[in-house]
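These notes concern the structure reproduced below.
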Amino acid sequence: MRRRPLKTLTVLAIAASTAAGTAATANSAPQQSDSRQDIRNVIYLLGDGMGRTHVTAARDRFMGPGGKLTMETLPHTGAVATYAVEKNSAKPALVTDSASSATAWASGVKTYNAAIGVDAYEKKVATLMEQAHAAGFATGNVSTAEVTDATPAAQFSHALLRGCQGPTYSDAACLPKKEDGSYEQAPADKTLVTPIAEQIARNGTADVILGGGLARFEPDDQKALQAQGYQVLGSFGDPKLPAQTAASQKAATKADLDKANGKKVIGLFNRGNLTVEHNKAALPADAPQKQEPTLADMTRKSIQLLNERKQGGSYDRGKSKKGFFLQVEGAQIDKRSHANDASQALDEIKAFDDAVKAAYEFAKKDGHTLVIVTADHECAGFNIIEKGTYTNAEAVAPPSNTDGGNPANNSVPSRSSSGAKDPARSSGIVNGTGSGDAKNFGPATFRTPDDPAGVKDGSPEASLWLTYLSGNHTGADVPIYAYGPNGGAFAASQNNTELYGKMYRSLFGRSPQQH
Amino acid sequence: MTLTHLPRAAAAATAVAALLALATGCSDAGARPAAAKDPVPAASPVALPAPRSAPSPQAALSPAPAAGEVRVQQGPFTDRVQLTGLRLTASPSSSPSVTGHVAISSDISDTLALEITAAYYDADGRLLGTGSFHHQEEGEEAHAGHAPAQQHAEGPRAAGAGIDFTVPADGLTGTPASAVLTIPVLVNE
């Protein structure tokens, strides 16, 4: 869209807003009239497994309940529904995994859990990163997980199963099973059963690839990447060996990243997932994990590399400079939530928010960058309970609901006789083996900035009491925050598949053809 | 409105439509800027080599392993697991197998997929055949039909207490005296 005189734009914006009606929702507080600006770059950040309560708990923990995380300062807010569908059908599966959810926003289709870049019928679907790359935008994919993991993979690979990551092919990892336990026949499109690492190393979809997962790659992948012009940080191994090991590969380091200056860069900083920040902080200074960059480090560097890159693609919207599309994943929020590890999950949310801050600061200076912050799904039913109380799971017997027979539901609920409130941290007896150790089970307690000095994490005096409902994903909607031109489009209750269309329109200025 | 004003009005209407599309996120082909060219409508085919297979087991081990030895071949994931209680069972009354316990030592997330392969050798170090153990915990495959029980892990998660495994050896050409384990697949949540 070309720049127009302010008066004309103001009139048009008012007309558009009036006609749109619901575009700016009540929970949105636009701080700028952003539709008039060119959108050159889109930065999409997601906290894997980060539900609404994860954000609130991290705010309480690090900022105090009256404070805000950076993501919460973004002016446009909304919610995202995340459900998947069952395979070979459109029937909803109410709880998604990371693969299905990432495919939804990357390609605009609902698909089955474990699917990467294919629809519910195993048909390959184009991804936004592929389309942006083909159109001449610079592209980046950053994660604290292995870069072959579901969330990054769904932007730059296609596989029938998320487990088909490599380094080698396996029927069990790459082919879905039929009801009788036998494997499906291999598809005609062999890409769909080619290990994801092999695809990433050859398709050139992302110009900047930063994260973990070195063990998935082999020396021939490094050779293929270098042949495409990638600056490869570290080493993928010794081509003379039949299989690579920890001894034969060299993970990239933050120092390598700081020096990187290629138009295309791949840096894999761990053979598996990157080290959880909480653990990294506790390691001695000479530990190799200390050489890993943070998610904020990787975000800043990828923005720098992508912003400096001069694109020569064929797509031209009449802009003076080609933009970029960058996806950034804070992966460990989910991984630690699966383990019901509130302490490390909170630290990972903070680390993710630091990455959001890096993107937000760039966007504010740039003026042509849309920043979107959301999650793929909630994990584990994370929640904040009142200090000194307990959860139903801890009860000696199922707590009764004294309002059960009251149609007006206006009496005072009471569970005084059926609970198992613990005088210390209320860890109850039905949690199973290990419940005697107060560190093992909830409520996990944490001090907040408002607590008096001397109040310790893990003590009953700490004001933030946290629990989990399960060890797996839940079907809860997740929050979304946006800043920048067209940010208001995300201030809505929406399906995760809609994110694809909205990002597509933001990048290309028009609707996706297949929608 | 005069005729001379129509082009401007039309342009304004087009701009409104474009703004509407941006504001609402609605699909609207009419909102396309004239200068825009079509981006790639579908995933571009990329020339890929045939998927790599895991290295084949050695046809012969020299010197031959000690009787009953279960050796672990170093590979992409062996630094991320702890294997304990490895034992080769090769009694005449039962099918040969390697049993043991595996726990993920480096990754702190759930284990979604794990494959352990055993190559079985005779007393002279000659390869007799192979078997594999598969473990799936999440995704479509985890909810679909399961492999035979002896090949599929049940019970606690590999990332927690770990899992006991049995690698069956069906169709060997002789009685195994030793085995070499490899881990070609390990996928964490």
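The values are calculated or read from the model by the stated rules, or taken from the named source; none is laboratory data. In this text, all values refer to a predicted model and were calculated from it rather than measured experimentally. As a convention, Cβ positions derive from the backbone with ideal geometry for all residues, glycine included, and neighbour counts pool all protein chains shown. Areas reflect the complete protein model, heavy atoms only, side chains present, ligands, DNA and RNA absent. Shrake-Rupley method; radii C 1.70, N 1.55, O 1.52, S 1.80 Å.
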| field | Scan of region A:243-261 for residues that are open to solvent by 40 Å² or more (accessible area, probe 1.4 Å) and either under 17 Å from B:P55 (Cβ atoms) or assigned to a loop (DSSP other than H, G, I, E, B) (or both), ordered by number | value | A:A246, A:A247, A:N261
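Results for (1) within 13 Å of chain B (Cβ to nearest Cβ); (2) modelled with pLDDT of 95 or more, shown as yes or no for each residue.
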| residue | (1), (2) |
| --- | --- |
| A:A282 | no, no |
| A:L295 | no, yes |
| A:Q304 | no, yes |
| A:D316 | yes, no |
| A:S320 | no, no |
| A:L326 | no, yes |
| A:G330 | no, yes |
| note | Checked region A:274-307 for anything in contact with a helix residue (DSSP H, G or I) (Cβ under 7 Å, 6 or more places away or on another chain) and not in a helix (DSSP H, G or I); matches are A:T275, A:V276, A:L283, A:E292, A:P293, A:T294
| request: Would you mind stating whether B:T78 is open to solvent by less than 40 Å² (accessible area, probe 1.4 Å), modelled with pLDDT of 90 or more and over 27 Å from A:A380 (Cβ atoms)? | output: yes
| remark: Among (1) open to solvent by less than 10 Å² (accessible area, probe 1.4 Å); (2) outside any loop (DSSP other than H, G, I, E, B); (3) more than 13 Å from chain B (Cβ to nearest Cβ), A:A79 falls short only on (1)
| Selection from region A:222-242 of residues that are part of a loop (DSSP other than H, G, I, E, B) and either hydroxyl-bearing (S, T, Y) or on the phi > 0 side of the Ramachandran plot (or both) | A:G229, A:G234, A:G237
| Residue check, A:A90 open to solvent by less than 30 Å² (accessible area, probe 1.4 Å) and at pLDDT 95 or above | no
| said: Any residue at all in region A:352-360 that's within 14 Å of another protein chain (Cβ to nearest Cβ) and at pLDDT 95 or above? | reply: no
| query | Residues B:V98, B:V102, B:V72: which one is away from chain A (no Cβ under 14 Å), at pLDDT 90 or above and closer than 29 Å to A:A159 by Cβ? | reply | B:V102
| message | When you check A:R309 against the structure, is it buried (at least 19 other Cβ atoms within 10 Å of the Cβ) and more than 14 Å from chain B (Cβ to nearest Cβ), yes or no? | response | yes
| query | Here are B:G85, B:G131: which of them is open to solvent by less than 60 Å² (accessible area, probe 1.4 Å), more than 10 Å from chain A (Cβ to nearest Cβ) and under 30 Å from A:R271 (Cβ atoms)? | reply | B:G131
| remark: Counted residues in region A:147-190 being outside any loop (DSSP other than H, G, I, E, B), in contact with a Leu (Cβ under 8 Å, 6 or more places away or on another chain) and more than 8 Å from chain B (Cβ to nearest Cβ) come to 4
| query | Considering A:P485, A:P452, which residue is modelled with pLDDT of 60 or more and buried (at least 22 other Cβ atoms within 10 Å of the Cβ)? | reply | A:P485
| Is region B:42-59 home to any residue that is within 14 Å of chain A (Cβ to nearest Cβ), at pLDDT below 50, under 29 Å from A:F137 (Cβ atoms) and in a loop (DSSP other than H, G, I, E, B)? | no
| task | Take the residues in region A:98-124 that are in a loop (DSSP other than H, G, I, E, B) and among the β-branched types (V, I, T), then tell me which one is farthest from the other protein chains (Cβ to nearest Cβ). | result | A:V109
| message | Under 6 Å between Cβ atoms, which residue pairs at least 6 apart in sequence (or on different chains) link something in region B:160-177 that is open to solvent by 40 Å² or more (accessible area, probe 1.4 Å) with a partner that is β-branched (V, I, T) and not in a loop (DSSP other than H, G, I, E, B)? | response | B:T166/B:T99
| Considering only residues of region A:455-482 that are among the hydroxyl-bearing types (S, T, Y) and either without any contact (Cβ under 8 Å) to a residue 40 or more places away in the chain or open to solvent by 10 Å² or more (accessible area, probe 1.4 Å) (or both), which is farthest from A:A342 (Cα to Cα)? | A:T474
| query | Does region A:206-226 include one or more residues that are open to solvent by less than 20 Å² (accessible area, probe 1.4 Å), in contact with an Asp or Glu (Cβ under 8 Å, 6 or more places away or on another chain) and acidic (D, E)? | reply | yes
| field | Flag for A:A153 being without any contact (Cβ under 8 Å) to a residue 40 or more places away in the chain, open to solvent by less than 10 Å² (accessible area, probe 1.4 Å) and under 23 Å from the mean Cα position of the chain (by Cα) | value | no
| said: Restricting to region A:491-515, count the residues that are open to solvent by less than 20 Å² (accessible area, probe 1.4 Å), at the interface with chain B (Cβ under 8 Å from one of its Cβ atoms) and among the hydrophobic types (A, V, I, L, M, F, W, C). | reply: 1
| message | Just to verify a result, which residue in region A:193-207, among those that are touching a strand residue (DSSP E or B) at 6+ places or on another chain (Cβ under 6 Å) and aliphatic (A, V, I, L, M), is farthest from the other protein chains (Cβ to nearest Cβ)? | response | A:A206
| Does any residue of region A:126-142 turn out to be more than 29 Å from A:I43 (Cβ to Cβ), in contact with a Pro (Cβ under 9 Å, 6 or more places away or on another chain) and open to solvent by less than 10 Å² (accessible area, probe 1.4 Å)? | no
| Search result, residues across region A:45-70 that are crowded, with 24+ Cβ neighbours inside 10 Å and closer than 18 Å to A:R300 by Cα | A:L45, A:L46, A:G47
| query | Which residue pairs have Cβ atoms under 7 Å apart, sit 6 or more places apart or on different chains, and have a first residue in region A:225-252 that is within 18 Å of A:N270 (Cα to Cα) and a second that is part of a loop (DSSP other than H, G, I, E, B) and acidic (D, E)? | reply | A:F236/A:E218; A:G237/A:E218; A:Q244/A:E218; A:S248/A:D238
